[in-house]
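First comes the structure, then the notes that go with it.
Every number in this text was worked out from the coordinates using simple rules, so none of it is lab data. What you see is a predicted model, and the numbers here were worked out from it, not measured in a lab. Methodologically, a virtual Cβ is constructed for each residue, glycine included, from the backbone with ideal geometry; neighbour enumeration extends over all protein chains shown.
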Amino acid sequence: MTKYIFVTGGVTSSLGKGIISASLAKLLQSRGYRVTIQKFDPYINIDPGTLNPYEHGECYVTEDGAETDLDLGHYERFLNTPTSQANNITTGRIYQNVINLEREGAFLGKTVQVVPHITDEIKRNIRILGESGNYDIVITEIGGTVGDIESLPFVEAVRQFRWEIGPSNSLVIHLTLIPFLAAAGELKTKPTQHSVKTLLEYGIQPDILVCRTEHHINQDIRKKIALFCNVNVNAVIESIDASTIYDVPLLMLKEQLDKTVLTKLRLSHKNEPDLESWKEFLGRLKNPTSEVRIGLVGKYVELPDAYKSINEAFIHAGAKNECKVRVTYIPSEQLTPENAVERLKGLHGVLVAPGFGERGFEGKIEAIRYVRENNIPFFGICLGMQCAVVEFGRNVLGLTNANSTEMNEFTPYPVIAMMEEQKKIKNKGGTMRLGAYSCDVKKGTKAYGIYGKTHISERHRHRFEFNNEYLKQYEEAGMLPSGINPDNNLVEIIELKKHPFFIGGQFHPELKSTVANPHPLFVNFVAASLEYARRK
Ligand code: GLN
């Protein structure tokens, strides 16, 4: 029977429930258990697809095309197994499902209420993953902080669920903060005591407390927390600030979080965790033998969470190359033909980021012109690839005012245009070209050299595409379509013949980069940048 672990958060947000969940899952997986992680988000949007990255950070896209919370990216990067729509559920989706059932007449004669109808729907979504038969353990992370109005139905559903399946089949891990008061020179346990009291008011006794802290928690403090919060002292787990999120599984191993969990769930401790390749990755990450400076040109650069997966993909690719990747964020809005050289000089590679809308678009074009003309490695992702096509059209093919119709509907040369199937779509939510699509890579191209195979699959999130009416003109001038979707002929990868590394992808390779499988496009882009730095 599947066992269920719930992770709640107390005291404050941003304690890192996602990283703790992913780290615990990693330890259990490395002992041979089949584990998945699910996140419940208490907001009313059906999914984060329509949210501005400034509100919510990156929107992570799964294989099956769900637009989800960025924590799912951590789950995949740590576990190297794909997630799906079932791994991210919002309050909006729960209500939508219940209201649809009400309209169908499923509750005829009954008043539809938060308890039991909304909580039943939440419990159904918890069970879906467990009942798939694919997992021994399902970890469910409850977004928000205990005590928030919005997360109440989820907390109540957890209480009911635990009561239904019995204490040894589930447990609750509460993540909390132990602040250090510099003036008093002391770590304080009171916020944790209050947070656990709040959980108790809702009928939930946590089994394990993971205590986020900037200083080590000594045995006396552990005993005090245990006494006031009714947990065993070995269930008080220290989670000290780490220099990289990839250290956290090892820190949790040292605190024996995995053993405590397995004992409480009455699961065998099986083998000792096999973390050899993880440690090897950490060794490479922490002992780089070289360094490259890569510019990330985008319009959300003030908020690094907006480019979470790209940053993590650089960490994986850097470790693979035993090289420290220093990412410099360049706000595309500030780049002009006059200052581009000044702003971009000293970089060994430039990545132009995904994005939507006009703001900062022309700055991206300037960045691309500079790296194309100066043989600096270039990597364009989604909008970044589209910008490269526009830049080439304007400055090489002489198509004055060439553009994407997203930026200028009336451009004389619509080299990037809206996909046919997108034209009739009115609703904005969940209607882009989303999720995994296959792509054929042409032999003899740089892309083929990188992937080493002709059939690949990558994840998408866009409405616009390369306009095939211009394909011949581009090919003749040296911009090649090295990857094509076999089902509809959409151009998925472009590259320049006469450039050391100039590649754009209509898809998002960053979403598939994991610790175990760094993405080859990132690995090769970093290697090309390293090569450029060496030659300089
Ligand atoms: N705005 C572009 C489109 O919709 C690119 C989207 C993206 O970069 N994810 O096609």
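Tilt of helix 190-201 relative to the longest C-alpha principal axis of the chain, in degrees (0 to 90, nearest 10)?
80 degrees
Can you give the Rg and Dmax of the chain based on its C-alpha atoms, in angstrom?
Using the Cα atoms of the chain, the pair Rg, Dmax is 24.9, 77 Å.
What angle do you read, to the nearest 10 degrees and between 0 and 90, between the alpha-carbon axis of helix 361-373 and the longest principal axis of the chain?
In the chain, helix 361-373 runs at an angle near 60 degrees to the longest axis.
For the range 149-205, what percent of Cα pairs sit more than 18 Å apart?
46 percent
If you average the C-alpha positions of the range 1-71 and of the range 85-134 separately, how far apart do those two centres end up, in angstrom?
The distance from the Cα centre of the range 1-71 to that of the range 85-134 comes to 19 Å.
Per-residue HN-Hα couplings for the range 270-287, Karplus 6.51 cos²θ - 1.76 cosθ + 1.60 at θ = phi - 60°, whole Hz, x for Gly and Pro?
My calculation for the range 270-287 gives 6, 7, 5, x, 9, 10, 4, 6, 5, 5, 5, 4, 4, x, 5, 4, 8, 10 Hz in order.
Take the alpha carbon gyration tensor of the range 9-102, find the square roots of its eigenvalues, order them as a ≥ b ≥ c, and report rounded if a/c is under 1.5; if not, report prolate when a/b exceeds b/c, else oblate.
Note, shape of the range 9-102 comes out prolate.
For the range 327-459, max minus min Cα coordinate along each principal axis, in Å, sorted largest first?
41, 39, 30
Over the range 145-269, one equal point on each Cα, no solvent: what is log10 I(q)/I(0) by the Debye formula at q = 0.19 Å⁻¹?
Normalising to I(0) and taking log10 leaves -1.15.
What whole-number value in cubic angstrom gives the convex hull volume per residue for the C-alpha atoms of the range 378-534?
Spelled out: Cα convex hull of the range 378-534, divided by residues, is 126 Å³.
If we count every other residue with Cβ under 14 angstrom of Glu510's Cβ, Lys/Arg +1 and Asp/Glu -1, where does the sum land?
Local charge sum for Glu510: 0.
Excluding Glu186 itself, what net charge comes from residues whose Cβ is under 13 Å from its Cβ, given Lys and Arg +1 and Asp and Glu -1?
+1
What does the helix-only formula give at 222 nm for the chain: each DSSP H stretch with n ≥ 4 adding -39500 (n - 2.57), the total divided by the residues, and the result rounded to the nearest 500 deg cm²/dmol?
Only helices count here, giving -10500 deg cm²/dmol.
What whole-number volume per residue, in cubic angstrom, does the convex hull of the C-alpha atoms of the range 74-147 give?
123 Å³
For the range 257-368, take N as its residue count and report Rg(C-alpha) divided by 2.2 N^0.38 Å.
Relative to the rule-of-thumb radius for its length, the range 257-368 sits at 1.52.
Report the Cα centroid-to-centroid distance between the range 240-275 and the range 421-470 in angstrom, as an integer.
About 39 Å separates the Cα centre of the range 240-275 from the one of the range 421-470.
Kirkwood hydrodynamic radius, computed over distinct alpha-carbon pairs, for the range 472-517: how many Å, to one decimal?
Every distinct Cα pair counted, the radius reaches 12.0 Å.
Which percent, nearest 5, of DSSP beta bridges in the chain are antiparallel?
Of those bridges, close to 30 percent are antiparallel.
On alpha-carbon atoms, Rg over Rh for the range 29-172 using Kirkwood Rh?
Expressed as Rg/Rh, it is 0.97.
Once both axes come from the Cα atoms, what is the angle between helix 152-165 and the longest principal axis of the chain, in degrees from 0 to 90, rounded to 10?
That works out to roughly 60 degrees.
Output the relative contact order of the range 417-536, whole-number percent, from Cα pairs under 8 angstrom with separation of 6+ residues.
Reported relative contact order: 22 percent.
State the three equivalent ellipsoid semi-axes of the range 319-400, derived from the C-alpha gyration tensor as the square roots of 5 times its eigenvalues, in descending order and whole Å.
So the equivalent ellipsoid measures 21, 14, 13 Å along its semi-axes.
Using only alpha carbon pairs under 8 Å that are at least six residues apart, calculate the relative contact order of the chain and give it in whole percent.
15 percent
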